[in-house]
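Each remark here refers to the structure printed beneath this line.
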Amino acid sequence: MTNHYIDFRNADVILNMGSNVAENHPVSFKWIQAAKEKGAIFIHVDPRFTRTSTKADIFVRLRSGTDIAFLGGMIRYILDNNLYDEFYVKNYTNASFIVNPKFSFDDGLFSGYDPTKRAYDQSAWAIEKDENGIPKRDMTLQDERCVFQLLKKHYSRYTLEKVTAITGTPQEDLEKVYKVYGSTGKPDKAGTELYAMGWTQHTVGVQNIRGMSIIQCLLGNMGIAGGGINALRGESNVQGSTDQALLFHIIPGYLPAPRAQWATLEDYNKTTPSSKEPRSVNWWKNRPKYVASLLKSFYGDKATKENDFGYAWLPKLEPTQDASWLNLFDEMYKGKFTGFFAWGMNPACSSANAGKVRQALAKLDWMVNVNVFDSETGSFWKGPGMDPKKIKTEVFQLPCAAFLEKEGSISNSGRWMQWRWKCANPPGVAMPDGDIIYELFKKVRALYQKEKGVCTDPILNMKWDYETGGHFDIHKVAKEINGYFLEDIPEHPVDKKSYKKGTLVPSFVFLLDDGRTSSGNWIYSASYTEAGNMAARRKKTDPTGLGLYPEWSWAWPVNRRIIYNRASVDLEGKPRDPGKALLKWDAENKKWVGDIPDGPAPPMGTEGVFPFIMKPDGVASLFGPGLKDGPFPEHYEPLECPIEKNILSNQRINPVVKIFEGGLDTFATCDPKYPFVCTTYRVTEHWQSGVLSRWLPWLIEAEPQMFCELSQELGSLRGIENGDRVLVETQRGKVEAVAIVTLRLKPFVIAGQTIHQIGLPWHFGWLYPKDGGESANLLTPTVGDPNTMIPETKAFMANVTKITAQPAKKAGKA
Amino acid sequence: MADKSFFIDTTKCTACRGCQIACKQWNMNPGTKTVQRGSHQNPEDLSYFTYKLVRFSELEVDGKPRWYFFPDQCRHCVQPPCKMMAESIGVKAITRDEATGAVLYDPKVKVKADEFKQIRESCPWDIPRWDQKTQGMAKCTMCFDRIKEGLLPACVKTCPTGTMNFGDRDKMLEMAQQRLKDVKAMYPKAQLLNYDFHRAIFLVVDEPARYHKFASADTTIIAALGKFINPVQNISQLAG
């Protein structure tokens, strides 16, 4: 999130699109309620009428997988009706930048497309620079090649008629949402957007969010209280795990993962973002300090200037390798792995095309399954259709502690690192994850020391001293992440003060690229300092009155609660919305008052620094040339869709998605065998694939079995009554479910045809309870967003047929 | 301890069912075996093991879907008809705490099937439940063991949205009246259900029966009960 949960209450309009906030983030709903009580308008846009919709002032439906069309129509509406925040757009975005003449867009394709590679040459989308390397601008926004005019042109095609034909949302509903959300373009109005997997799990996932980012920038809603783009993360610590580089393309703190072509640290540092714009802070220019400090944290005294701080010991990706989840399991399926740790995960149920994943697990020599309960992954070898005698995989099950049975931090969606304390011992031999990792690595290293092996340097040189009295010490890890001064520093270049060897660094501002500092993750630097464990703070002071609570836990970076907050003030540093003053410049004392500003520099004025300090150009990108599938979001149909032709162009699907072909990867578009749009989702009562929640009697009592929600119209069409048992099938697999025939789903009219939508939860699995049902991911396809490879599990094609009427008594109304 | 009440504001309820689960947890009630019946409401009904149940009701109003949630529970009547009935047939399982107004069942007292039938039927909100195996009766306890220690009832403590409220009766009535006033402009049918008669004041915005068959007691039934038990004051006020 750019903002945080409590900040919802500061919004005048809340748009919940791409998630189901009341059901999947139920506690956060109190802040939506708080906003509503102050008169805020709450909008829910979703294929289904859910528990969230019941509390919406405006609820409108759209067909799964058509969000860009919906948002593109909103961009057009905002521009056509002059609802945008002109000051903000001119000063704080790249609207005035001139794009080079090689950029064009025609019939669904941007310039630079190579159909044989299914890829773009992104250099065709570059911003034009002057002789000093500074972006050329037209502050009148009239130049036909300026971003603003290109944006206008691009979205002029998204007329209400076309958007309705694609999304199935009636025109009057579109206009209602556009008008209300567009009203937040005034400086004293704030609009916020809450999304989750309903936006990410598409072949256009990143561009869904880009579409909304453009809207937020046009309306001046970024960097302000009650605004922002707010990802409701699907697990309590998924933010923390991303920050700590759970994903393949990054190392801790969003530093890019090293690749084979960057053989030395110098090569790696050459990729550091640079900017010739003197008014751009371009904070990423500091990256070499964070890399050097990370390597010092990894390898300690073994990391020296002479050996590139051990950079050579880091594993490298191949030059263009994408080692994301879908590819990983594809490789496993092809027999390329010998071993696998399934740690706190249940890919046999949680992964798209789970049937393929289950087959892939059988290709392994060994698997270690670390979890609180057994799962369909740990026991895959005795699952449906498996013959244990024929499976070679040796499975080790390691029971781990549940969250109340261990100490440590979790980072919530609002980037708050919150310390938690242990309240009970784990049962039996179960251990906290940290202890398991710590002990495991000690054993692995001892084996390498004894038996040698290939490439032992990274293992033997790793600094591994996070214990106290012979036991793993989570505080030592937290301090390591914050970082230390590794030598006495008589006069630090930043503040000319002296710092003692072995003390904790006050923040990442003090990190150095010469090996004299360490930090396990620069963005968390300042979280555990000589003043103590900031994440453990619990003071309820609120000086701004905006609910920032700066002394409750700690937020990265440097306790900033709302990022890009310099965009909330005018050129003189005065709050643009005095009623929600997030930040203001105290000219007398020459300092900022309010939230921790995005850098201490004085207000922008006419010569000062631009507000978006993490962007090389210093401003927000309406035109974003960095993504694989284009600088502007464009509507493409999901890989599996109900219409032959994209209404907006001849490119039916995203032209750069990777197509997995053969074996268990099959797809069906416009196939009469699979006529219905299908989506998957979660319910309040269960957690992800259900590994934790299915074993809890009170939760399984509340949501006991797999269901499929469908409209009354589809029910009549297929002779399905509420409570009947049905079979849901796709090209990949089939799942039995109980039908919930409900007026909360309605057929859509798409390009003149009636299109039905169905949906299922993905919480169930064959292991437990025995009559619970199977995973909805047996149905979903192996295909992902080209930028992230997040699978498209929110829009695919399926069939539903009746198996039997409900055996017990006839069900009542839904 | 002052006379207590719940204020249950259904306009804020998202049916997260935190109350239902917290109730089971505090009271150490087991999860019962359920199946998906074509509804998200589960278990299907209140039981000896389920004192608090969020009822789901789907309907269409002016062509638009409505989905009403009703966190059902014992109303803790000012003059509990179940208690009067039990006493009249010699069943000594029901007491009323004078200080708080909590109506309490002793599940250890064995009650015969036909006796229970009469007690259940005496309740206009269909709350009392009985277990064939133990022959005991059970229902919401107002978390009597919590409130006497100054804690909130488990369902109120866990509610994230402000739907479940609990406190001194006058404060709860005041809160309910204020909220009724606030929502009336948008929902002209908004009303507080039978609040003179009991201690679980529900705010609804549509016909009560659209939420749940027994959401609101028919005033004629209350009147009839009144004749049978003790006359209830101000019956005429309830008829509105």
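What follows draws every value from the coordinates through simple rules; no lab data is involved. Predicted model only: the values in this text are computed from it and were never measured. Neighbour counts run over all protein chains shown; Cβ positions are idealised from the backbone, glycine included.
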Original post:
So for B:K33, B:K12, A:K770, fewest C-beta neighbours within 10 Å to most, what's the order?
Top reply: A:K770, B:K33, B:K12
**OP:** Please give the peptides A:239-250, B:34-45 ranked by average Cβ packing (other Cβ atoms within 10 Å per residue), highest first, as a rough proxy for protection.
**Re:** B:34-45, A:239-250
Subject >> DSSP bridge pairs, chain A: antiparallel proportion in percent, nearest 5 >> reply: 55 percent
Original post:
Which distance in Å, rounded to a whole number, links the C-alpha centroids of the range A:729-750 and the range A:625-653?
Top reply: 24 Å
**OP:** Quick one: net charge around A:G198, please, counting Lys, Arg +1 and Asp, Glu -1 for every other residue with C-beta under 14 Å from its C-beta.
**Re:** 0
Subject >> chain A - convex hull of alpha carbons, volume per residue in Å³ >> reply: 173 Å³
Original post:
Can you work out the base-10 log of I(q)/I(0) for the range A:94-196 at q = 0.14 1/Å, using the Debye formula on its C-alpha atoms alone?
Top reply: -0.84
Subject >> Cα-Cα over 25 Å, subset of A:K162/A:K734; A:K363/A:K658; A:K36/A:K186; A:K90/A:K276 >> reply: A:K162/A:K734
Subject >> Leading residue at positive end of dipole, chain A (Cβ point charges), from A:M1, A:Q216, A:L627 >> reply: A:M1
Subject >> Antiparallel bridge percentage (DSSP; both residues within the range A:363-432; nearest 5) >> reply: 35 percent
Original post:
Of A:I134, A:I596, how do they rank once you tally other Cβ atoms within 10 Å and put the fewest first?
Top reply: A:I134, A:I596
**OP:** Among A:Y438, A:N461, A:L504, flag the residue with its Cα farthest along the positive direction of the charge dipole of chain A, charges on Cβ as +1 for Lys/Arg and -1 for Asp/Glu.
**Re:** A:Y438
Original post:
Other chains near B:39-45: what is the mean number of their Cβ atoms within 10 Å of each residue's Cβ?
Top reply: 5
Original post:
Which of the peptides A:661-672, A:605-616 is most tightly packed, and how do the rest follow, judged by the mean count of other Cβ atoms within 10 Å per residue?
Top reply: A:605-616, A:661-672
Subject >> Residue-averaged beta-carbon neighbours from other chains (10 angstrom radius) around A:698-711 >> reply: 5
Original post:
Any idea how many Lys pairs in the range B:36-124 come in under 14 angstrom at the alpha carbon, given 8 or more places apart or on separate chains?
Top reply: 5
Subject >> Alpha carbon centroid spacing (whole Å) that separates the range A:274-295 from the range A:31-100 >> reply: 33 Å
Original post:
Tell me, how many Å apart are the Cα centres for the range B:15-35 and for the range A:192-268?
Top reply: 37 Å
**OP:** Work out the charge dipole of the range A:513-570 with +1 on the Cβ of Lys and Arg and -1 on the Cβ of Asp and Glu about the Cα centre, then indicate which of A:Y549, A:N533, A:Y564 is farthest towards its positive end.
**Re:** A:Y549
**OP:** Find, among the GluC sites (Glu not before Pro) in the range A:440-526, those assigned to loop by DSSP (not H, G, I, E, B) with at most 10 other beta-carbon atoms within 10 angstrom.
**Re:** A:E491
**OP:** Provide the net charge surrounding B:K148, with neighbours chosen by a C-beta distance below 11 Å and charges set as Lys +1, Arg +1, Asp -1, Glu -1.
**Re:** -1
**OP:** Compute the relative contact order of chain A as a whole-number percentage, counting only Cα pairs closer than 8 Å that sit 6 or more residues apart in sequence.
**Re:** 16 percent
**OP:** Given a cut-off of 28 Å, name the pairs among A:K496/A:K539; A:K153/A:K179; A:K102/A:K153 whose C-alpha atoms lie farther apart than that in the structure shown.
**Re:** A:K496/A:K539
Subject >> Cβ-placed point charges (K, R +1; D, E -1), dipole of the protein assembly as shown about Cα centre in debye, nearest 20 >> reply: 1720 debye
Original post:
Where the only charges are on Cβ atoms (+1 Lys, Arg; -1 Asp, Glu), what is the dipole of the range B:166-221 about its Cα centre, to the nearest 20 debye?
Top reply: 120 debye
Original post:
Listing A:H154, A:H635 from the residue with the fewest other Cβ atoms within 10 Å to the one with the most, what is the order?
Top reply: A:H154, A:H635
**OP:** Pairs to check: A:K189/A:K580; A:K296/A:K501; A:K442/A:K476; A:K296/A:K422; A:K746/B:K33. Give those whose C-alpha atoms are more than 21 Å from each other in this structure.
**Re:** A:K296/A:K422; A:K746/B:K33
**OP:** Hey, can you grab everything whose amide H is under 5 Å from the amide H of A:T169? Only 5+ residues off in sequence or another chain; H modelled, so Pro and N-termini drop out.
**Re:** A:R63
Original post:
Quick one: net charge of A:Y448's neighbours, Cβ under 13 Å, K/R +1, D/E -1?
Top reply: +3
Original post:
Across peptide B:149-160, how many C-beta atoms of other chains are within 10 Å of each residue C-beta, on average?
Top reply: 1
Subject >> the range A:670-814: antiparallel DSSP beta bridges as a percent of all, rounded to 5 >> reply: 65 percent
**OP:** Take peptides A:24-31, A:357-364, B:117-124, B:4-11 and line them up by average Cβ neighbours within 10 Å, highest first, as a rough protection proxy.
**Re:** B:4-11, A:357-364, A:24-31, B:117-124
Original post:
Applying the Karplus parametrisation 6.51 cos²θ - 1.76 cosθ + 1.60 with θ = phi - 60° to the phi angles of the range A:165-177, what ³J(HN,Hα) value in whole Hz is obtained for each residue in order, glycine and proline being reported as x?
Top reply: 5, 7, 7, x, 7, x, 4, 5, 5, 4, 4, 4, 5
